[in-house]
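Q: One structure, as structure tokens, below. Some questions next.
The values are calculated or read from the model by the stated rules, or taken from the named source; none is laboratory data. Just so it is clear, the model here is predicted, and its values are computed rather than measured. Using ideal geometry, Cβ is built from the backbone for each residue, glycine included, and neighbour counts are taken over all protein chains shown.
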Amino acid sequence: MLNLIQQEDCPLNPHYFDMIVADESHRSIYNVYKNIFEYFDAIQLGLTATPTDVIDHNTFQLFNCEDGLPTFAYSYEEAITNTPPYLSDFEVLQLRTRFQQEGINSETIAEAEKNRLRQDGEDPDEINFEGTELEKKVTNKGTNALIVREFMEECIKDPNGVVPGKAVFFAISKKHAYRLCEIFNALYPEYKGRLAEVIISDVKGVHGKGGILDRFKTMDMPRIAISVDMLGTGIDVREIVNLVFAKPVFSYTKFWQMIGRGTRVLDPDNIKPWCPEKEKFLIMDCWENFEFFKMKPRGKEPKGVRPLPVRLFEARIDKLHVAQGKKDEAIQKKTITAIRKDIASLPQNSVVILDNQECMAKTSDDNFWISVTEEKLDYLRMQVAPLMRVFSNSDFKAMRFELDGIEAQTARLSGDEERYVALKESMVEKKDLIHPPFTQLHPEGVRGIFPPHEIEEILGLVQEIGVQDS
């Protein structure tokens, strides 16, 4: 359009348009669109998601507004408190890394780098770390492993409480992005390289149907997209529930644009199984960016939701405890077998398991199981059960049904008839799981999950509640 109106024989007269709408109308609009606005005699409408207190003076002037007073403003706070909300709220986990301990943060970097950029005539808010000393430090130090492990522990998970919900990592550089991806693959090999992918513009296979970006948007895996700047603006993935700032940011406008990747609410007509609900999203800030911008966000609140595999393991322990009280040696023996099978099935190359070798060695010793005392039950609950969170390749739908079955068996064994009846009714609601292939016995249990003796017990419950195998 600029080229068109600058022609001597411009085919468009000044009254051609009734209205001109300029999106992203902050800062640069004065230089980019000023000539267009001056040429056409039309109503002018500027749109921006940038907070009013950082919009450039010239932008307000261009639209004949007083500084700081737009014609209409709708705040982020209004959007998240609306009923229903138009945007999602967030909470922040501040991760203090070795860089902060060494005094390296957004503020100390900004002062030196911005002065250099100003001298070079470049935008001081767009610092490129490719090839810098900071990139070398960030890429080589063990801080990345700390960030990845902290993320895996603290991030918002999918409904099963095991696998991270959709997440975007903002890396300092391409080299840093690939390093983070390597660490995910090294620490969590049970995901077979599918958990995290690097998404940058010049990577082959990023764009197009079936590309990495398309799979991140529409498929279960990958769950984590690691990028430098490509995913900072413009991407619309409503299911993003985790953002990780593994880089310092110096532009307040850009910072909010990056935060905006997580603010989208879910489409009720297109709910994905890995994100059936989204109350809020989590931001992990590894560079004190919020402090740099003098922002005081709400901190991460602890959640009491335990991963499904942990709850299933705890249910087995409860069943064993009740069987001991009833002196039912047959159920005790079967339940101990199932518990030991769960422990033996843990991915041995997972970083979580490697960190707990003493625990694994103790429970793999046959002598541990000769007499399972109250003290040993507590040890299983406190030390072993939390390790079950690393299970990732399970059929969680079937696992939920098994949990109901075990809890129902325990209720019946303990004489809790009311709870037993309620759990049987719950199983009726999930009766789609108890038709073939669910009811087909297998040496390793149904779908490799249920031990054969538990299948027999669950099928006994199935017969009691009157659901017939088709």
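Q: Would you check if LEU312 is more than 24 Å from VAL148 (Cβ to Cβ) and under 25 Å from the mean Cα position of the chain (by Cα)?
A: yes
Q: If you check every pair at least six apart or on different chains, which have Cβ atoms under 6 Å apart with a residue in region 387-409 that is among the β-branched types (Val, Ile, Thr) first and a residue that is part of a helix (DSSP H, G or I) and modelled with pLDDT of 85 or more second?
A: VAL390/VAL352; ILE406/ALA315; ILE406/LYS319
Q: Go through region 132-153 and report how many residues are surrounded by 16 or more Cβ atoms within 10 Å (Cβ to Cβ) and either assigned to a loop (DSSP other than H, G, I, E, B) or at pLDDT 90 or above (or both).
A: Here the count works out to 3.
Q: OK, next. Condition check: in contact with a Pro (Cβ under 9 Å, 6 or more places away or on another chain), more than 30 Å from PHE391 (Cβ to Cβ) and surrounded by 15 or more Cβ atoms within 10 Å (Cβ to Cβ). Does THR263 satisfy that? I'd like the intermediate steps shown before the answer.
A: Values: in contact with a Pro (Cβ under 9 Å, 6 or more places away or on another chain): no; more than 30 Å from PHE391 (Cβ to Cβ): yes; surrounded by 15 or more Cβ atoms within 10 Å (Cβ to Cβ): yes.
When the stated conditions are applied, THR263 does not pass them.
Q: Quick check on my filter: what residues within region 401-421 are surrounded by fewer than 18 Cβ atoms within 10 Å (Cβ to Cβ), modelled with pLDDT of 75 or more and in a helix (DSSP H, G or I)?
A: In the first step, residues of region 401-421 are kept if they are surrounded by fewer than 18 Cβ atoms within 10 Å (Cβ to Cβ); the result is 413-419, 421.
Imposing the further condition that a residue be modelled with pLDDT of 75 or more reduces the set to 413-419.
LEU413, SER414, GLU417, GLU418, ARG419, listed by residue number.
Q: At least 1 residues that are closer than 21 Å to GLY325 by Cβ and of a type in the set (Asp, Glu) in each: list the helices (runs of 4 or more DSSP H) lying fully within region 342-384 that qualify.
A: Correct list: 374-379.
Q: Consider SER227 against the criteria (1) more than 14 Å from the chain's Cα centre (by Cα); (2) surrounded by fewer than 22 Cβ atoms within 10 Å (Cβ to Cβ); (3) under 18 Å from PHE281 (Cβ atoms); (4) without any contact (Cβ under 8 Å) to a residue 60 or more places away in the chain: it satisfies all of them except one. Which criterion is unmet?
A: (2)
Q: Still on this structure: Only one of (1) in contact with a helix residue (DSSP H, G or I) (Cβ under 9 Å, 6 or more places away or on another chain); (2) within 21 Å of PRO189 (Cβ to Cβ) fails for ALA398. Which number is that?
A: Looking at each condition in turn, ALA398 falls short on (2).
Q: Would you point out which residue out of LYS254, LYS296 is surrounded by 15 or more Cβ atoms within 10 Å (Cβ to Cβ), under 23 Å from the mean Cα position of the chain (by Cα), among the basic types (Lys, Arg) and within 30 Å of VAL92 (Cα to Cα)?
A: Only one candidate passes the filter, namely LYS254.
Q: Could I ask something else about it? Could you check region 230-276 and list, in sequence order, the residues that are of a type in the set (S, T, N, Q), in contact with a helix residue (DSSP H, G or I) (Cβ under 9 Å, 6 or more places away or on another chain) and touching a residue at least 40 places away in the same chain (Cβ under 8 Å)?
A: ASN242, SER251, THR253, THR263, listed by residue number.
Q: Turning to a different aspect of this structure: So, SER392, is that one touching a helix residue (DSSP H, G or I) at 6+ places or on another chain (Cβ under 7 Å), outside any helix (DSSP H, G or I), among the small types (Gly, Ala, Ser) and not assigned by TED's automatic domain parsing to the domain that holds VAL162 or not?
A: When the stated conditions are applied, SER392 passes them.
Q: Filtering region 29-48 down to residues that are outside any helix (DSSP H, G or I), out of contact with any helix residue (DSSP H, G or I) (no Cβ under 6 Å at 6 or more places or on another chain) and surrounded by 15 or more Cβ atoms within 10 Å (Cβ to Cβ), which residue is modelled with the lowest pLDDT?
A: Top of the filtered list is TYR33.
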